[in-house]
Structures are given as C-alpha cells and as structure tokens.
Protein chains: 2
Amino acid sequence: MGVTIKQIAETVGVSAATVSRALNGLPGVGPRVRKRIASEAARRGYSPDAHARALVTGRVPFLALVVPDITNPFFPAVARGAEEEAALRGCSLLLVDTGDRPERLEHALDLLSSRRVAGLVLAVPAANGQAARIAGRVVMAGVDAPPRSRVPVVGVDDRLGGRLVGRHLAALGRRSLAFVSGPARDRSSRLRLAGLRDEIPRDLLGPVSHGRWTVESGREQGRALFRSSSPPDAIFAANDLLAIGVAQAASDAGLAVGRDVALVGYDDVEVAGLASVPLTTVSQPKLELGRVAARTLLDAIDGLDTPLPALLEPRLVVRRSCGSAPDFATREVP
Amino acid sequence: MGVTIKQIAETVGVSAATVSRALNGLPGVGPRVRKRIASEAARRGYSPDAHARALVTGRVPFLALVVPDITNPFFPAVARGAEEEAALRGCSLLLVDTGDRPERLEHALDLLSSRRVAGLVLAVPAANGQAARIAGRVVMAGVDAPPRSRVPVVGVDDRLGGRLVGRHLAALGRRSLAFVSGPARDRSSRLRLAGLRDEIPRDLLGPVSHGRWTVESGREQGRALFRSSSPPDAIFAANDLLAIGVAQAASDAGLAVGRDVALVGYDDVEVAGLASVPLTTVSQPKLELGRVAARTLLDAIDGLDTPLPALLEPRLVVRRSCGSAPDFATREVP
DNA sequence: TTGTACGCGTTATCAC
DNA sequence: GTGATAACGCGTACAA
C-alpha cells in the first residue's frame, strides 16, 4: 500500500511513463521490460491510485444508488443487481438511504457535483428543479421521472402486473372482488387497479379502498370489508404488506384465507412465501431492475445513445392464498 | 458542474489559493473578498472536486461495507447504521455484496489498495493472510477477526442473548426444551446455546440439533422433534428463519404454537413480527452495530487510539409464541 | 521502444 | 491579507 508508479519505475530503471503504459497494456513497450515491470508491480502489490487516475482521465469509478429505505425488503435486491452490473464495468456502488428526508436527496445530488460519483440511480422521486443539474448522469429506477425532464426511466409494468392478477382471479369464479391499496395518488396503485379492470368482468369488482403501504393499513381496510353486509370473497391487495394485514383481519373475522376468501398480494417480498397461508402474489424482477438501471446509467455516462426507457415484466407467483394449492411449493406462471 | 476553483478565482479577481482558503473557512482572507468569493461560488454552483482534494490531502471520503448477502434482512439495517455514521463524518458508504464468493472479498481488499476507500467494515469472515495488508483500516462487524490479527471487532453478545431466552423460558414452567440451530461450527450457535444453559435447570434441556440457517432446515429439525416419542413443549431456535420452519412443522403436526409448544427465535427480522403467531425473539441492535463499527473504523483511520472491541447488547422481544400474549402488540424486555 | 514535459483540481508552503 | 509555486499520482501528447 502506498506504492507509486514512480517507485516501480525507479527500481526497474525506466521512466514512470513506461510503467504506466506497461501496466495499462498499451503498445510501445518491449516485452522484456514489460515483464520486469509487471513482476515488480506484483511483488510490491502496486495498485494505481483511483483518485489520481480519476483526476486525469475524468472518469470516476463510482455510482450511487439512492433508496428511500434500505430496510424495505424491496430495495436490497435492487442494490445487489445494481452492484453486480456496476462491478462488471469497473465501478463500485455507493448506497444512499434517504429515509424519506429531502435533505438526503440533496446530499445525493451533491455527490454528483463534487464528482464523488459518475452518476445516480434514483429509486426515490425527484423534484422538477433538481432534474436540471443532473442531465445525462441520472436514471430513475421504479419511480417516475420529474415531469418534462428527459431523465431515462427503468420500471416494472404495473398495469401488466394488475392484468396477471385479474386473469388469475377471473378464472377462479369468485363472486365479489375487492381492491385494497396504498395511497390513491401513487401511480402504482392506479396502474395495478387499471390492469385488474382490464381482465375481469365489470360487475365482479366491488369496493376499492386506499390507505398506506403497511400491514396495519391492510388490517384496517380488511376489517372494514369483512364487517360489511356483503363481504367480498376475493381480495387483491396492491402490495404484500397490505395483504398480510388483510389476512390478519380475515383470521380475526374467523375466515380462512384460500377457502372463504381468495387473496393476492404484490411484490413477492420474502415474508409472502412464509405467511401462515403462503401468499399468491406478483413478483417484481428486482435484481433485473437494479441491473438494467445501472447499465442504462453507465451507457448514458459513456455517451452511448441512451437506450429506450425499459419496462420490465412482472410475473405471477401462485401459492396457496387463492385455494389452488400445490402444498407449500411455489408454482410460477410467466 | 465542472466549475473549478480557478474559474471562481478569475471572475472574482483573486488567486486560486485565496478562493481555497475562503471556501474552507481558513483564516487570512479579508471579510469583503470572502463574501464575494462565497457568493460567486454559490452562484455558479461550485463544489470542490473530491478526487483532487483526496489526492492532495490523502484523506479519502469513502468507506466500504462488505456483506455476504444484502438480501438477508439482517444486513440492510447494519448498512443504514453504517451509512448514517459515515455521513456524520463526511464519508459516503460503498456497498460490497460478496454473495459468499471469495473473489469478491478480494475485490473489497483491492478497494483498499487502490485507495478507493479509506477503510472497510467487514461483516464477512476474513482469512488470516488477508489481515496483514489491512492493518488499521478494517473493523469486523458481527464476525470474528482472523486469529491473532489485532483487527478490532464490534459484535453483539450472543451468550447474553441466549441467557435472555433461557430466563424467559425457565419462567414458563415448561417440561422439555429443545434447541434447534444452524451449523455447529458457527460460534453464534454455540454461544447462544451456552447462554441458554446458563439460565435453565439442567434436566430441562432435551435434544440439541443442527442444520442450516434456513426455513427448510427449521422445518426438518422441527419435524424430527415432533415425530419423537417425547416431543418437547418448548423450543429455542437459534434464528428466526429456523423458528418459522419449526412453526410450520408444528402446524403440520397439528400443534398450536404458543399453547402446545412455546417457541423463541433470534434476530427479530421483520417476518418474525408478521408470522401467523408473532414470534418471541431476541432483537439484535443492527443499526447500532453498523453505527459503532463505522465509528470505530473512522476513529482508527484518524489515528485515534482504537477503542476497545465493543460488545453490544441484544434484547428480548416478547410476542405471542410462548403463550403470554398482549394481543398483536409487542412488549419489549430490556 | 522509451523518456520528457505537461496538466488534471486542489491544498499547503512559502514569500510578500 | 494575499499571491506565486510546488506538490499529490497518474495518463498522454510529443520528442528523441
């Protein structure tokens, strides 16, 4: 550690320039010298200083992934995918957890202006004014870009996800279907519902309710449903946490999930498969999301023509919460 | 973006050195010039180049956290804690997910020699030979240091965790207690069992079995237990995933967790609270682990006398899987 | 094939 | 109080 190109040059008896060329595999170095340089560098454990190199080449070997909450089971997989892809291109991945605090997002943008990182993968919504300072060095992952901003977006097709659920539920022959969701203003709420509507008969859809993306909210919304005079016999919860809450409410009401009420979630977080009645749900390609987002970003940075905004495909994972039931095993439907 | 100290200097009509001093709050700049420089810098959105600064100061504003699997719910919280602490000291956090591949750990060590990062928080076990190249720039978090290596360690007191469980179970008046665990070679397996033994009557402890740290393994070990002629009426599973598996096995055997069999897990991952019978478990201070590890590392880098190896305290979280049961609410016992 | 010279953007050490 | 000037470690025209 602390070995410089100059020291290598000195002991080998050549100039620093030659060492640089040799180590970077550039032409114009005799095979003999090349060998000696290589072995000397290996012996002393030389490794070029990243910052000196960044300074002269203008290329920074860092990317940052900005997430609202890394403890939310959705994001670690995205992070893993992004890191894999970044590593493939010689970059390391910074993690920025905003905890939904706006000043942390500002901090992430500062990383860009101080050139700590070459680009940002934003998995949190950004405001409009912020988009200006970041042209070409940012890609959105799973969230909308600021309006009129030309920031590339990589996302998962929520409407298709809704359709997958609709098709599955329609085939079950249930009589009344309820939709339980997060905030009405969230686009994913709306798109998942729209997809559902695409695939089911009009008169099948009963109550639609909104709340937060939490277990508690699911429990409350479920309680309200089961308390009504004509409770639904099928429920689509727009994420898994809501679904867990609905399942609790069902259990409270003495109803058996999978028999008395069919239940479908969304996201396929780990707990979905471990619930008392394993949850049929829509799996998002989280790893792929991170991977494609990182790739898109790196391409944009390299000045390659930005590929089209990517829309990845979710898939239905059938478990036992709708009554069909191959034991604890999981059957996947593409 | 791309604004340099020189450009600021030119438009303000001073030298680059003065701008540097002014912006860094160093003495020796007149209040008038200082103002003008500050406002000009703000106007052009100047932000110093991190790499140029690193080059000259020798201080690198990056730390790396190395984890075996970021999708394991234990690590995101550690990451969040480490990032918070790093941010407090002006550092950003790199994430390296090894996926248990040794070459990825090597890669992390390369980050150090190329000075991409100032230090490493290792949450994966490292070999002995590797410790040499990293003296003073590494701290272990939740795993043992390589033998005879003087690398600081921050961990959680597994033996105390075992004791907390033992005390709780002993008070329940059950007749036969089984211990279900991960690999016998893992130190945490052994320490948690040792702690358990500290607190329970000798003849209470029945079968001790080992497997992997997974749901499936828990289900298998549980199945074996319930199939025996004298099944236990209490079980301590050495992590939550195992406990979930045991709960499944109990359910398969027609036994009710919390009534027929008391069950305790370990880790307090999210799913523990969401299980069909919310799980009594031992919560590890994951955030704190990351925080303290990062702090220890930064202190070591700054040459401060390395604080003593830290051993954090776990705490018992009582839910419903042992029969005592304040509804779905969670009661915490310090 | 190899060496010299310069610049990347910043901080630090001198003078003045 | 302020301004040259020299590093920091590396890559790269250009000259030899």
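The values are calculated or read from the model by the stated rules, or taken from the named source; none is laboratory data. All of these numbers come straight from a predicted model, not from anything done at the bench. Positions of Cβ are backbone-derived with ideal geometry, glycine not excepted, and every protein chain shown enters the neighbour counts. These area figures cover heavy atoms from the full protein model, side chains too; ligands, DNA and RNA do not enter into them. Shrake-Rupley method; radii C 1.70, N 1.55, O 1.52, S 1.80 Å.
Quick check: at a probe of 1.4 Å, how many percent of the accessible area of chain B sits on carbon and sulfur atoms? Ligands and nucleic acids excluded, carbon and sulfur reach 52 percent. Under 1.5 on a/c is rounded, so check that first for segment A:27-159, then, if it is not, pick prolate when a/b is larger than b/c and oblate when it is not; a ≥ b ≥ c are the square roots of the alpha carbon gyration tensor eigenvalues. The shape class here is prolate.
Electrostatic tally near B:Gly323: other residues with Cβ closer than 11 Å to its Cβ, Lys and Arg +1, Asp and Glu -1, net +2. Measuring r between the beta carbons of A:Ala16 and B:Lys35 and using R0 = 51 Å, the FRET efficiency lands at 0.75.
Here the 3J(HN,Hα) profile of segment A:215-221, calculated from phi with Karplus coefficients 6.51, -1.76 and 1.60 at θ = phi - 60°, is 4, 4, 4, x, 5, 5, 4 Hz, Gly and Pro shown as x. Shown in residue order for segment A:74-81 are the 3J(HN,Hα) couplings computed by the Karplus curve 6.51 cos²θ - 1.76 cosθ + 1.60 at θ = phi - 60°: 6, 7, x, 5, 4, 4, 4, x Hz (x for Gly and Pro). Is segment A:182-225 rounded, prolate or oblate when judged by the Cα gyration tensor, a ≥ b ≥ c being the square roots of its eigenvalues, rounded requiring a/c under 1.5 and prolate requiring a/b larger than b/c? Taking the square roots of the gyration eigenvalues as a ≥ b ≥ c, segment A:182-225 is oblate.
Shape of segment B:5-48 from the C-alpha gyration tensor: rounded (a/c under 1.5, with a ≥ b ≥ c the square roots of its eigenvalues).
For the chain pair A and B, the interface hides roughly 4600 square angstrom of accessible area in total, found with a 1.4 Å probe.
For a paramagnetic label modelled on B:Arg227 (point 7 Å from Cα along Cα→Cβ), amide N atoms under 17 Å away belong, within segment B:247-268, to B:247-255.
Of B:Thr11, A:Thr281, A:Thr18, the order by accessible heavy-atom surface (1.4 Å probe, DNA, RNA and ligands excluded), from most exposed downward, is B:Thr11, A:Thr18, A:Thr281. Comparing the full protein assembly with the isolated chain (1.4 Å probe, heavy atoms, ligands and nucleic acids excluded), the residues of segment A:251-293 losing at least 20 square angstrom of accessible area are A:Glu270, A:Val271, A:Leu274, A:Ser276.
Taking a straight line from the alpha carbon of A:Lys6, these aspartates and glutamates sit under 14 Å away, with near neighbours fewer than eight places off in the same chain left out: A:Glu40, A:Asp49. Summing charges over all other residues whose Cβ lies under 12 Å from the Cβ of B:Val180, with Lys and Arg as +1 and Asp and Glu as -1, gives +2. Could you work out how far helix A:102-113 tilts from the main Cα principal axis of chain A, as a 0 to 90 degree angle to the nearest 10? Roughly 30 degrees, rounded to the nearest 10.
Across all directions, the average flat footprint of the convex hull enclosing the Cα atoms of the protein assembly as shown is 34.9 nm². Once you reduce segment B:1-57 and segment A:203-253 to the center of their Cα atoms, the two points are 58 Å from each other. Along segment A:287-294 the Karplus relation, 6.51 cos²θ - 1.76 cosθ + 1.60 evaluated at θ = phi - 60°, assigns HN-Hα couplings of 4, 4, 4, x, 5, 5, 4, 4 Hz to successive residues, with x for each Gly and Pro. Heavy-atom accessible surface of the protein assembly as shown, averaged per residue, reaches 44 Å², computed with a 1.4 Å probe.
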